[in-house]
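Each remark here refers to the structure printed beneath this line.
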Amino acid sequence: MYLKTLHLRHFRNYQEQKIDFDAAKTILVGNNAQGKSNLLEAVELLATLRSHRMARDKELIQAGEDVAQINAVLAKDIGISDLKITLQRSSRRSVAVNGEIVRRQMDFLGILNAVEFSSLDLELVRGSPEVRRSWLDTLLIQLEPVYAHILHQYHQILRQRNAFLKRSQQSNLKVIKSELAIWDAQLVTTGTRVMRRRERAIQRLAPIAAAWHATISKSQEVLHINYSPNVPINTETTDTIPENFLAKIKQRSSIELHRGITLVGPHRDEVKLDINQTPARQYGSQGQQRTLVLALKLAELQLIEEVINEPPLLLLDDVLAELDPYRQNQLLDTIQDRFQTLITTTHLGAFDSQWLNSSQILFVKAGEIIQSVD
């Protein structure tokens, strides 16, 4: 797939900006806080309808404006698609494909695929389990767009069940348990669908990431990625998940009622990342952690390409500064012209002449694409 054009209107710090991409690699150059990352964020939204910055829609709209738009023209093997996202300060966003409003937003997903790699991704190793769950969920949305709907359903039921637990702290216990059983059944049904897909995704991703990690570390280290669900599951078969899920809910029901919050379910899952059988989060050096994250991102690219039969876009947000020259070369050599790549940087020193000669170079200053920087 190839992103031909990107048109932003009142998005972040862009008043009106259209970009025509005329090379497989586009380097966006500029100082910090000029709008380079905002361009990548717009592409990320087109791919996943999510932002790794976790911003609310109103935060994506330029100050003083009520509406922002992202338009893109995308070329794929099956043809050309015109994509549009409209963000509104006072109402829900809308999406359109080829001029037609898409009622179910999950039908917009899967048209454009992209992998984002930014300096924030080092939190995949160092950060909380929530960071790793969010990363896995974003990958799953690209592999299986219906997952966005499944995840939304689960979180909706989770919020309602939590609200019920809070309201019920002073109520009759017999009445509570009768109604709570209804919420339990819904939580188990939707949560099981989430867990099955997470397990399947990790099983597919883990060997690919391990192979990349072995290459980058010159086979000196072994990476193990394991899905560690909050509810015990049998990795051979996921048929026992509902039974185990309900049993654990009943086991924790008293403390849940006391605390007024749901303590069981995939919202408490973990993804374990081990290097040589040691938790990378606790013991991995900075170099090891960077190697691990690079292996994960390269594995994402490869897995998405295998699933959709087209190479996804690669978005590199100021990430070269986080990698030493060896890891930079590993990444740049892998990219070549295989993936259309948008890469932000504050300077061009990390790129050799071959890369620069084959790349489109754009300078970004104060929310505008300019011909050069002073």
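Could you look through region 55-66, keep only residues that are in a loop (DSSP other than H, G, I, E, B) and in contact (Cβ under 8 Å) with a residue 24 or more places away in the chain, and pick out the one that is nearest to the chain's Cα centre (by Cα)?
Initial filter on region 55-66 (in a loop (DSSP other than H, G, I, E, B)): 55-56, 62-66.
Narrowing the set further to residues that are in contact (Cβ under 8 Å) with a residue 24 or more places away in the chain leaves 62, 65-66.
Working: Q62: 23, E65: 27, D66: 27 Å.
This residue is Q62.
With under 21 Å from F11 (Cα atoms), open to solvent by less than 60 Å² (accessible area, probe 1.4 Å) and free of Cβ contacts under 8 Å to residues at least 12 places away in the same chain as the only criterion, which of S94, S128 stands out? Can you show your working first?
Working: S128 fails: under 21 Å from F11 (Cα atoms).
Just a single option satisfies the conditions, and that option is S94.
Restricting to region 260-277, what's the tally of residues that are loosely packed, with under 14 Cβ neighbours inside 10 Å and in contact (Cβ under 8 Å) with a residue 60 or more places away in the chain? It would help to see each step written out before you state the result.
Initially, region 260-277 is screened for residues loosely packed, with under 14 Cβ neighbours inside 10 Å, giving 261, 277.
In the following step, the residues that additionally are in contact (Cβ under 8 Å) with a residue 60 or more places away in the chain were identified as 261.
Adding up the residues that qualify gives 1.
Looking only at region 203-222, which residues are open to solvent by 50 Å² or more (accessible area, probe 1.4 Å), small (G, A, S) and within 26 Å of the chain's Cα centre (by Cα)?
Matches in region 203-222: A211 only.
Search region 48-70 for residues being touching a helix residue (DSSP H, G or I) at 6+ places or on another chain (Cβ under 7 Å) and on the phi < 0 side of the Ramachandran plot, and hand back the single one that is most open to solvent (accessible area, probe 1.4 Å).
The initial filter retains those residues of region 48-70 that are touching a helix residue (DSSP H, G or I) at 6+ places or on another chain (Cβ under 7 Å), namely 48-53, 68, 70.
Next cut, on the phi < 0 side of the Ramachandran plot only: 48, 50-53, 68, 70.
Working: T48: 7, R50: 66, S51: 15, H52: 53, R53: 86, A68: 1, I70: 1 Å².
Restricting to residues being touching a helix residue (DSSP H, G or I) at 6+ places or on another chain (Cβ under 7 Å) and on the phi < 0 side of the Ramachandran plot, the top hit is R53.
Tell me which residues, restricted to region 25-49, are outside any helix (DSSP H, G or I) and within 27 Å of L140 (Cβ to Cβ). Before the answer, list the steps.
Residues of region 25-49 that are outside any helix (DSSP H, G or I), as a first pass: 25-35, 49.
The one that is outside any helix (DSSP H, G or I) and within 27 Å of L140 (Cβ to Cβ): L49.
Report yes if some residue within region 154-165 is of a type outside the set (A, V, I, L, M, F, W, C), within 30 Å of L315 (Cα to Cα) and in contact (Cβ under 8 Å) with a residue 12 or more places away in the chain; otherwise report no.
Let us first name the residues in region 154-165 that are of a type outside the set (A, V, I, L, M, F, W, C), namely 154-156, 159-162.
From the residues that got through so far, the ones that are within 30 Å of L315 (Cα to Cα) too are 154-155.
Checking the rest, the ones that are also in contact (Cβ under 8 Å) with a residue 12 or more places away in the chain come to 154-155.
There is at least one residue in region 154-165 that is of a type outside the set (A, V, I, L, M, F, W, C), within 30 Å of L315 (Cα to Cα) and in contact (Cβ under 8 Å) with a residue 12 or more places away in the chain.
Would you point out which residue out of L112, L140 is touching a residue at least 60 places away in the same chain (Cβ under 8 Å), surrounded by 19 or more Cβ atoms within 10 Å (Cβ to Cβ) and under 16 Å from L6 (Cα atoms)? Show your work before the answer.
Values: L140 fails: under 16 Å from L6 (Cα atoms).
After applying the criteria, what remains is L112.
Between L83, L87, L124, which is within 19 Å of D317 (Cα to Cα) and touching a strand residue (DSSP E or B) at 6+ places or on another chain (Cβ under 8 Å)? It would help to see each step written out before you state the result.
Working: L83 fails: within 19 Å of D317 (Cα to Cα); L87 fails: within 19 Å of D317 (Cα to Cα).
Exactly one of L83, L87, L124 is within 19 Å of D317 (Cα to Cα) and touching a strand residue (DSSP E or B) at 6+ places or on another chain (Cβ under 8 Å), namely L124.
Only one residue in L28, L124, L87, L49 is touching a Leu at 6+ places or on another chain (Cβ under 6 Å) and either of a type in the set (D, E) or more than 23 Å from T346 (Cα to Cα) (or both), so which one is that?
Working: L28 fails: either of a type in the set (D, E) or more than 23 Å from T346 (Cα to Cα) (or both); L124 fails: touching a Leu at 6+ places or on another chain (Cβ under 6 Å); L49 fails: touching a Leu at 6+ places or on another chain (Cβ under 6 Å).
The unique qualifying residue is L87.
If we keep just the residues of region 223-247 that are more than 26 Å from L124 (Cβ to Cβ) and either under 29 Å from the mean Cα position of the chain (by Cα) or of a type in the set (F, W, Y) (or both), which is least open to solvent (accessible area, probe 1.4 Å)? Before you say what the answer is, go through the steps one by one.
Within region 223-247, the first condition is being more than 26 Å from L124 (Cβ to Cβ), and the residues that meet it are 234, 236-237, 239-240, 242-247.
Filter once more, keeping what is either under 29 Å from the mean Cα position of the chain (by Cα) or of a type in the set (F, W, Y) (or both): 234, 236-237, 239-240, 242, 244-245.
Working: N234: 67, E236: 159, T237: 48, D239: 115, T240: 48, P242: 46, N244: 49, F245: 0 Å².
Among those that are more than 26 Å from L124 (Cβ to Cβ) and either under 29 Å from the mean Cα position of the chain (by Cα) or of a type in the set (F, W, Y) (or both), it is F245.
Just the residues that are in contact with a helix residue (DSSP H, G or I) (Cβ under 9 Å, 6 or more places away or on another chain) and open to solvent by 40 Å² or more (accessible area, probe 1.4 Å), please, taken from region 288-322.
Within region 288-322, Q288, Q302, E306, V307, I308, D318, A321, E322 qualify.
The values are calculated or read from the model by the stated rules, or taken from the named source; none is laboratory data. It should be emphasised that the depicted structure is a prediction, and the values quoted were computed from it without experimental measurement. Here Cβ is always computed from backbone atoms with ideal geometry, including for glycine, and neighbour counts include all displayed protein chains. Surface accessibility is based on the protein's heavy atoms, side chains included, excluding ligands, DNA and RNA. Shrake-Rupley method; radii C 1.70, N 1.55, O 1.52, S 1.80 Å.
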